[in-house]
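J.: Let me begin by handing over the structure; questions about it come next.
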There are 2 protein chains.
Amino acid sequence: MNEGAKAIRLTDEQRLDWLRLIRSQNVGPRSIMAQTPHNTGAAHVPHLAQSLRRRPRGARGAAPSLARRGGASAPQIFPREAAEREIEAAQDLGVALIAVGEAGYPERLQMIDDAPPLIAVRGHLPALAMPAVAVVGSRNASAAGMKLTQIFARGLSEAGFAVVSGLARGIDAAAHRASLAKGTIAVLAGGQDRIYPPEHGDLLDEILPAGVALTEMPLGWEPRARDFPRRNRLISGLALGVVIVEAAKRSGSLITARLALEQGREVFAVPGSPLDPRAEGTNSLIKQGATPVTETADIVAVLEPIMGMALTAREPEPTNGDRPYDVDPAADERARIVALLSPAPVQVDDLVRLAKSSPRVVRLVLLELELGLVSLV
Amino acid sequence: MNEGAKAIRLTDEQRLDWLRLIRSQNVGPRSIMAQTPHNTGAAHVPHLAQSLRRRPRGARGAAPSLARRGGASAPQIFPREAAEREIEAAQDLGVALIAVGEAGYPERLQMIDDAPPLIAVRGHLPALAMPAVAVVGSRNASAAGMKLTQIFARGLSEAGFAVVSGLARGIDAAAHRASLAKGTIAVLAGGQDRIYPPEHGDLLDEILPAGVALTEMPLGWEPRARDFPRRNRLISGLALGVVIVEAAKRSGSLITARLALEQGREVFAVPGSPLDPRAEGTNSLIKQGATPVTETADIVAVLEPIMGMALTAREPEPTNGDRPYDVDPAADERARIVALLSPAPVQVDDLVRLAKSSPRVVRLVLLELELGLVSLV
């Protein structure tokens, strides 16, 4: 949690701008987060949000956007009225919208490469400040897998960890159930009003008094198949480590494990018999170097030293001292970058070199193009 | 196998001397092997064996031996007649006695610290020259454990490895059965005529056409409980690596794993559910760094590069060029060493330093004392 001097709180107007930017089409977390100095977030991006207000509406979409030239649909800035409606509806449901960098945004989640610019959370929000461990596994779990999940989730809960999982059938549900008394975090693939699977609405009601439901998706968003792997990066991103209890080959839990590794999180796997297909994934993880665990103490022994460590932000990208971050790029610089673009793909690094610009400015200009704020001339 | 220029073959008389030395009480493999340059064996110890013949019988036991002064029973040189009877009985049973360093003595076994000075083998002796993998596990095996053993042992057999095991009930027997067509090595804790468990006599009959029964114990030796851990060092010593299929906590298989590690052998363990007590030992090994295996290919992948490597003898102990190995220590040197001894334990290193002698000479004098060939004055 950002409780220190760095944490900020957006004004209502800033939050509205931020929401409009995030909900605009063709703008992913990476595009947006590329504009923010790591670990500071929304507070440092007045530039783009202000641009939305400064520019006359007619200016948008007047020129063919980069996306359109490349064959994609034209970007649309999310309407102010829709953003206002979303904020109101969230308030009615007891859902808080927290921007990256704000107090209350989970500190570890903020450090992942594609941290969600805005999260929608409800429940007992202090649970987001607990050290967390993810416990995940197959939906089609065995009785033994359910029992092991219970043992690990309860043990971690008693050791002071919030248990993070995906509210799915099988292992996920068992993990939440065994830890709901002391705080568990359910990460959703859809909106806060679109619980999946629907029959776990009751479980979520039991989770919220001490725990949290968290999603990056807007209200009303029905989770699609591809939202689940995307969601999994939040499960691992929130946690110090991920425990995979049972997982077949090519299962979603293995995606979570891979994401966890990419995020520098610990990966724990519960071994099983080579004759048990539900252990294929976990055994394979162990062969690849995941920490094998047979009891909670194995996990705590690895995580305790990490918990004590101060969170270290990634190396910030070097910036020129004479070009503060939220200042517009010079007009000729923007023109140079735009002139280098064509429908053929090009690396940001190449643009930086050819335009004699900085990565930050290049990415800002690209985002402006995506949003239709700048035309390709 | 010692097929090269280094391998020797003892004369009948040398073999008899060697057997008498080995069968003498209070003389362990380490005492004897300490006298042999590593990787050469019996051929280089004429000194002691000849001493037995040179000295008049009355000289033995005339003075209180070191062992006797320390409270242990007096050492006895094994009678020539008994040695002759043992060699004859072995021949009748088709058992060959092979001394360390001789052609036919398994090369890897020769490299362990406490290699047996003499092994008794029968069956298809070329099987001892195959690259070998040990497959061991609990006697009280589960059906799944038996099936896994069959999969691994058959796979290793088909990959060209001799499977080494202990002829015990459970995993051991399954390992031998699955590999007896192409060659398996049963290492016994007792004599060649004292098969344990007795009901595995039939299994041994099936093993011998393509495989080998091996022991360091004399004919007629009934295996005692403590002979099994001692035997286990031969199982791991014969092999490139040891596969532990199922093992409870504090089981004999874990002793084999520890010995294998000490011997620089690969340790493979088959994972199992944390809820299965028969997987406690193997999971614990994996946690400690053993290679987890779920299929034969996992084992072959690790062993193939090692198989290709030439066997490297351990660093030989430095010897003085002007004091060839099989020359008696100088009389005053022997006297200096003996004078330093008392019933209180003392380190060989300290004796070397205080007597201004060499480790090799100190150990030779100690062995002479144990055998009663030298008195404590």
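The values are calculated or read from the model by the stated rules, or taken from the named source; none is laboratory data. Please read all numbers here as calculations on a predicted model, not as lab measurements. All Cβ positions, even for glycine, are placed from backbone atoms using ideal geometry, and neighbour counts span all protein chains on display. Note: accessible area is taken over every heavy atom of the protein model, side chains too, but ligands, DNA and RNA are not part of it. Shrake-Rupley method; radii C 1.70, N 1.55, O 1.52, S 1.80 Å.
J.: With the condition kept exactly as written, say whether any residue in the range B:152-172 is of a type in the set (Val, Ile, Thr) and surrounded by fewer than 22 Cβ atoms within 10 Å (Cβ to Cβ). Write out each step before concluding.
T.: Filtering the range B:152-172 for residues of a type in the set (Val, Ile, Thr) gives B:163-164, B:171.
From what is left, the residues that are surrounded by fewer than 22 Cβ atoms within 10 Å (Cβ to Cβ) are none.
Taking every residue of the range B:152-172 in turn, none turns out to be of a type in the set (Val, Ile, Thr) and surrounded by fewer than 22 Cβ atoms within 10 Å (Cβ to Cβ).
J.: Within the range B:256-275, take every residue that is in a loop (DSSP other than H, G, I, E, B) and open to solvent by less than 50 Å² (accessible area, probe 1.4 Å) and give me the one that is farthest from A:Met146 (Cα to Cα). Spell out the reasoning first.
T.: First, the residues of the range B:256-275 that are in a loop (DSSP other than H, G, I, E, B): B:263-265, B:270-275.
Subset that is open to solvent by less than 50 Å² (accessible area, probe 1.4 Å): B:263, B:265, B:270-274.
On the way: B:Gln263: 40, B:Arg265: 37, B:Val270: 22, B:Pro271: 19, B:Gly272: 16, B:Ser273: 12, B:Pro274: 12 Å.
By that ranking, first place goes to B:Gln263.
J.: What single numbered condition from (1) part of a helix (DSSP H, G or I); (2) surrounded by fewer than 19 Cβ atoms within 10 Å (Cβ to Cβ) fails to hold for B:Arg250?
T.: Here B:Arg250 clears every test but (1).
J.: Look at the range A:220-266 and say how many of its residues are modelled with pLDDT under 95 and touching a Phe, Trp or Tyr at 6+ places or on another chain (Cβ under 7 Å).
T.: Final tally of qualifying residues: 1.
J.: Any residue in the range B:223-243 that is within 14 Å of another protein chain (Cβ to nearest Cβ) and more than 30 Å from B:Ala82 (Cβ to Cβ)?
T.: Yes; the residues of the range B:223-243 include at least one that is within 14 Å of another protein chain (Cβ to nearest Cβ) and more than 30 Å from B:Ala82 (Cβ to Cβ).
J.: Could you check A:Gly191 against (1) under 16 Å from A:Ile119 (Cβ atoms); (2) among the small types (Gly, Ala, Ser); (3) without any contact (Cβ under 8 Å) to a residue 60 or more places away in the chain and say which number it fails?
T.: Checking A:Gly191 against (1) under 16 Å from A:Ile119 (Cβ atoms); (2) among the small types (Gly, Ala, Ser); (3) without any contact (Cβ under 8 Å) to a residue 60 or more places away in the chain, the one that fails is (3).
J.: Something else now. Determine which single condition B:Gly321 fails, assuming it passes every other condition in (1) part of a loop (DSSP other than H, G, I, E, B); (2) modelled with pLDDT of 80 or more.
T.: Checking B:Gly321 against (1) part of a loop (DSSP other than H, G, I, E, B); (2) modelled with pLDDT of 80 or more, the one that fails is (2).
J.: Further question: Return the residues of the range B:135-150 that are surrounded by fewer than 24 Cβ atoms within 10 Å (Cβ to Cβ), within 13 Å of chain A (Cβ to nearest Cβ) and under 28 Å from the mean Cα position of the chain (by Cα); say none if nothing qualifies. Lay out the reasoning, then the answer.
T.: Our first condition is that a residue be surrounded by fewer than 24 Cβ atoms within 10 Å (Cβ to Cβ); within the range B:135-150, this holds for B:139-144, B:146-147, B:150.
Remaining after also requiring within 13 Å of chain A (Cβ to nearest Cβ): B:141-144, B:146-147, B:150.
If the condition is that a residue be surrounded by fewer than 24 Cβ atoms within 10 Å (Cβ to Cβ), within 13 Å of chain A (Cβ to nearest Cβ) and under 28 Å from the mean Cα position of the chain (by Cα), then B:Ala141, B:Met146, B:Gln150 are the ones that fit.
J.: If you don't mind, another one. Return yes when A:Ala162 is more than 18 Å from A:Ile299 (Cβ to Cβ), within 21 Å of the chain's Cα centre (by Cα) and of a type in the set (Gly, Ala, Ser) and no when it is not. Working first, answer last.
T.: Details: more than 18 Å from A:Ile299 (Cβ to Cβ): no; within 21 Å of the chain's Cα centre (by Cα): yes; of a type in the set (Gly, Ala, Ser): yes.
It is false that A:Ala162 is more than 18 Å from A:Ile299 (Cβ to Cβ), within 21 Å of the chain's Cα centre (by Cα) and of a type in the set (Gly, Ala, Ser).
J.: Give just the number: which of (1) modelled with pLDDT of 95 or more; (2) surrounded by 24 or more Cβ atoms within 10 Å (Cβ to Cβ); (3) small (Gly, Ala, Ser) does A:Ser284 not satisfy?
T.: (2)
J.: Quick test for you: out of B:Ser251, B:Ser273, pick the one residue that is in contact with a helix residue (DSSP H, G or I) (Cβ under 6 Å, 6 or more places away or on another chain) and free of Cβ contacts under 8 Å to residues at least 12 places away in the same chain.
T.: On the way: B:Ser251 fails: free of Cβ contacts under 8 Å to residues at least 12 places away in the same chain.
The conditions single out B:Ser273.
J.: For the range A:247-297, give me the residue count where each residue is among the polar types (S, T, N, Q) and either within 11 Å of chain B (Cβ to nearest Cβ) or in contact with a His (Cβ under 9 Å, 6 or more places away or on another chain) (or both).
T.: Within the range A:247-297, the subset among the polar types (S, T, N, Q) is A:251, A:253, A:256, A:263, A:273, A:282-284, A:288, A:291, A:294, A:296.
Filter once more, keeping what is either within 11 Å of chain B (Cβ to nearest Cβ) or in contact with a His (Cβ under 9 Å, 6 or more places away or on another chain) (or both): A:273, A:282-284, A:288, A:291, A:294, A:296.
Adding up the residues that qualify gives 8.
J.: I'd like the full set of residues that are part of a loop (DSSP other than H, G, I, E, B) and at pLDDT 75 or above, limited to the range B:346-377. Quick ask: steps written out before the conclusion?
T.: Narrowing the range B:346-377 to residues part of a loop (DSSP other than H, G, I, E, B): B:346-347, B:355-358, B:371-377.
Listed by number, the residues that qualify are B:Val346, B:Gln347, B:Ala355, B:Lys356, B:Ser357, B:Ser358.
Yes/no per residue for (1) under 22 Å from A:Arg265 (Cβ atoms); (2) modelled with pLDDT under 95:
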{"residue": "A:Ala99", "(1), (2)": "no, yes"}
{"residue": "A:Arg108", "(1), (2)": "yes, yes"}
{"residue": "A:Pro116", "(1), (2)": "yes, yes"}
{"residue": "A:Ala120", "(1), (2)": "no, no"}
{"residue": "A:Gly123", "(1), (2)": "no, no"}
{"residue": "A:Ala127", "(1), (2)": "yes, no"}
{"residue": "A:Val133", "(1), (2)": "yes, no"}
{"residue": "A:Asn140", "(1), (2)": "no, yes"}
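J.: Would you please name the residue that is surrounded by the fewest Cβ atoms within 10 Å (Cβ to Cβ), looking only at residues in the range B:200-230 that are without any contact (Cβ under 8 Å) to a residue 12 or more places away in the chain and small (Gly, Ala, Ser)?
T.: B:Ala225
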